[in-house]
Amino acid sequence: MKDEHFKGILNTYIKWPLYLSALSVAMLMAVAIYKNQALLIVAGFTVVYCIIALILFNVHKQELLTSLMDYAVNYGVVQKEMLKHFDMPYAILDETGRLIWHNEAFGQLFSVEGSFRWSIVNDDTGITQEQLPTGADPVEFTFTLDERDYRAKVRRINLVHEENHLIDPDKFDGSVITLVMYDETEINEYKRINRESSMVAGYIYLDNYDEALEQEDNVRASLLLASVDREINRYITKHDGIAKKTEPDKYFVVIKQKGLDEIIEGKFSILKKIKDFNYGLPITISLSLGFGLGNGDFGRSAAYAKSAMDMALSRGGDQAVVKDEKDMHYFGGNSEQGENNSRVYARRVAQNVKEHIENYEQVIVMGHSMADQDAFGSCVGIYCICRALKKKCYIVVNQVTTSIKPMLADYKRVDESDDGILVNSDEAVELVTPETLLIVVDTSRPDLCECPQLVELCKSVIIIDHHRQGSEKIENPLYQYIESNASSACEMITELLQYIADGIKPRNHEADCLYSGIMIDSGNFTTKTSARTFEAAAYLRKNGADVTRIRKMFRDSIESYKARAEAVRSAELFKNEFAIATCPTEGLESPTVVGAQAANELMNIKGVRASFVLTEYRDRIYISARSIDEINVQFIMERMGGGGHLNIAGAQLKDTTLEEARASLKETISSMIEKGEV
């Protein structure tokens with residue numbers, strides 16, 4: 001140890017006798033100048049002092065070094081013993097997760113005895129190499145071992161301290177990983193019990209209650225409603241809840257979280273069971289259910305439940321919606337709700353829309369971006385209503401697609417005086433005042449609107465749409481009329497025209513716009529048509545709509561026809577029942593419209609249950625999805641960020657290629673099939 005050198009304050013303290021010896025020598029030299037006799041005396045004492053200082057330095061240096069080393073060793077032993085008998089499992093691992101050292105608790109838990117070959121990364125623990133830290137920040141993760149829950153905290157520690165003078169820490173990357181584990185089994189159990197015991201609010205509505213009461217066979221209708229009431233109460237009670245009837249067709253539900261979990265696991269089996277009740281009646285009763293998860297806050301749960309119910313109704317009923325703090329989850333909804341033929345309801349909606357329009361100085365109306373016949377025709381219908389109510393109305397149109405170009409040209413040709421009602425987004429934003437009412441038609445998603453900025457600027461918004469709502473929607477509208485059973489938004493607005501005021505008569509070209517919207521969205525009256533659809537068409541025919549003129553207006557170009565044919569020719573039959581095709585875009589003004597037409601054509605092929613046509617246009621991938629009655633394409637498109645109807649839906653994908661979008665679509669379909677969702 002003679003080569004060891006002390007440093008810092010201790011080093012200075014040990015060498016002080018040597019420094020004093022040098023000072024004594026200097027004093028001796030000074031005395032020698034003046035007194036020879038004193039020199040001998042002082043020299044003797046100085047020599048003795050230097051000898052003693054050297055002896056003390058050499059002897060105590062070794063003793064002090066030995067004491068320091070003993071202290072360090074003993075201190076390390078104390079730490080090691082403390083960690084060894086520490087109740088929490090603790091271990092030191094190398095960078096790959098192999099064991100270097102562990103305490104007794106760790107060894108007992110994993111049944112290891114200091115083996116350097118044993119690794120924490122294995123199938124028994126479920127811990128992966130990716131979970132181990134790569135930087136200085138600690139990492140936490142949870143895993144289960146022997147039916148107990150553990151939270152592991154791991155940290156990477158460098159073996160060389162920054163102030164080390166032997167090894168340059170910047171050029172040495174050696175490190176170890178410390179791991180400490182916390183047993184959270186009991187805490188998680190208490191959390192689970194608390195969660196399962198928390199109360200959840202919900203609503204249950206009967207979708208077809210009024211229609212059931214209108215049945216001529218009152219006895220059977222009463223039996224049907226009584227059976228439905230009994231089944232609802234039995235179902236909720238079975239899962240430890242209470243259902244309180246607040247109105248003849250509405251229930252308020254209070255249920256424990258555990259009971260709701262059981263209902264969700266059973267995928268709301270009551271939906272199918274209620275639909276099996278009919279007692280020989282032509283009407284089928286269905287339910288809409290909405291539940292809210294408020295994370296222990298019952299007031300928040302009730303508010304979420306109301307939002308969930310509104311969503312279930314706006315999507316057509318016959319389904320359950322569960323809303324939590326982050327998202328909404330949908331169950332059922334694989335069939336369309338029976339159509340509502342009540343003229344009383346249509347009159348009530350018309351009166352509400354009329355009152356709102358009359359309360360504002362001007363109206364701005366817009367549909368979705370890249371407007372089609374239904375979106376533009378709906379805007380024209382709102383303009384007719386505003387004209388009858390003597391309110392100024394503006395229609396927002398940015399891009400004139402091939403879908404609406406003939407309608408727009410005819411509109412401008414016939415109504416030159418009304419040319420000023422057509423504005424773009426910039427002009428529409430300048431028109432907004434506190435007395436402006438915004439009416440959004442044929443969509444309820446703000447990001448799909450022709451001018452999303454208007455949704456933020458206008459404080460009062462009315463929504464008229466025939467698509468099922470998704471999670472992304474315009475929040476807090478002044479009024480919304482969403483009828484997912486209608487063939488088109490043009491059908492809905494044509495109904496309003498008949499009841500909103502006396503004597504409203506659309507002009508011939510306006511009737512053409514509305515009629516073409518109904519015709520296109522219903523596939524020439526073959527999809528989603530009802531008595532209301534034909535009544536609306538008849539009304540428009542009476543007011544000058546000409547089918548021949550409309551047919552000539554929308555004949556395809558040879559380029560569009562070839563592109564549609566090519567999409568059908570190159571279609572792939574995925575899993576022998578899903579037609580997937582890509583629509584060429586070269587030379588087409590509105591390739592997305594051609595893609596939608598190709599999707600319709602593919603449904604004419606025998607054995608095809610659903611069709612999907614992908615179109616690349618303006619740095620986006622547009623997907624048009626179609627089915628007849630077997631597949632809910634809305635669910636599939638919602639998984640890809642879109643939405644629509646049970647049989648007609650679509651999605652828009654950003655920052656992706658056609659190949660990636662096609663692969664994502666196939667993966668989504670496969671995943672939903674595996675989970676039984678398709």
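Each value in this text was obtained by applying a stated rule to the coordinates, not by laboratory testing. Computed from a predicted structure; not experimentally measured. Here the Cβ is made from the backbone with ideal geometry for all residues, glycine too, and neighbour counts use every protein chain on show.
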For this session: Show me 521-527, 133-139 ranked by packing, highest mean number of other Cβ atoms within 10 Å first.
Result: 521-527, 133-139
Problem set entry | Cα Rg, Dmax (largest Cα-Cα span) when computed across the range 441-534, Å | 14.3, 39
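What list do you get for 239, 466, 85 if you sort them by fewest beta carbons within 10 Å?
85, 239, 466
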Exercise. So what is the diffusion coefficient of the range 558-674 in µm² per second by Stokes-Einstein at 10 °C and 1.306 mPa s, using a Kirkwood Rh over Cα pairs?
Worked result: 115
Exercise. Can you run phi through the Karplus equation (6.51, -1.76, 1.60; θ = phi - 60°) for the range 176-183 and list ³J(HN,Hα) in whole Hz, with x for Gly and Pro?
Worked result: 10, 10, 9, 10, 10, 10, 10, 7
For this session: Provide, in order from the shortest bin, the percent of all Cα-Cα pairs of the range 446-500 in each 10 Å bin, continuing until the bin that contains the maximum pair distance.
Result: 21, 50, 27, 1
For this session: Please list 533-545, 614-626, 182-194 highest first by mean number of surrounding beta-carbon atoms within 10 Å per residue.
Result: 614-626, 533-545, 182-194
Exercise. Exposure proxy check: 249, 229, 124 ranked by fewest other beta carbons within 10 Å?
Worked result: 124, 229, 249
For this session: Rank these for me by crowding, 298, 106, going from fewest to most other beta carbons within 10 Å.
Result: 298, 106
Problem set entry | Low-density loop cleavage sites - trypsin sites (Lys or Arg not before Pro) in the range 430-485, where at most 14 other Cβ are within 10 Å (DSSP) | 459
Problem set entry | Per residue convex hull volume, Cα atoms of the range 569-624, in Å³ | 70
Exercise. So which GluC sites (Glu not before Pro) in the range 127-156 end up in coil per DSSP with only 10 or fewer other C-beta atoms within 10 Å?
Worked result: 147
Exercise. How are the C-alpha pair distances of the range 203-332 spread across 5 Å bins, as whole percents from the shortest bin up?
Worked result: 2, 11, 22, 25, 20, 11, 6, 3, 1, 0
For this session: For the pairs 275/528; 245/267; 250/275; 245/473, note any where the Cα-Cα span goes beyond 27 Å.
Result: 245/473
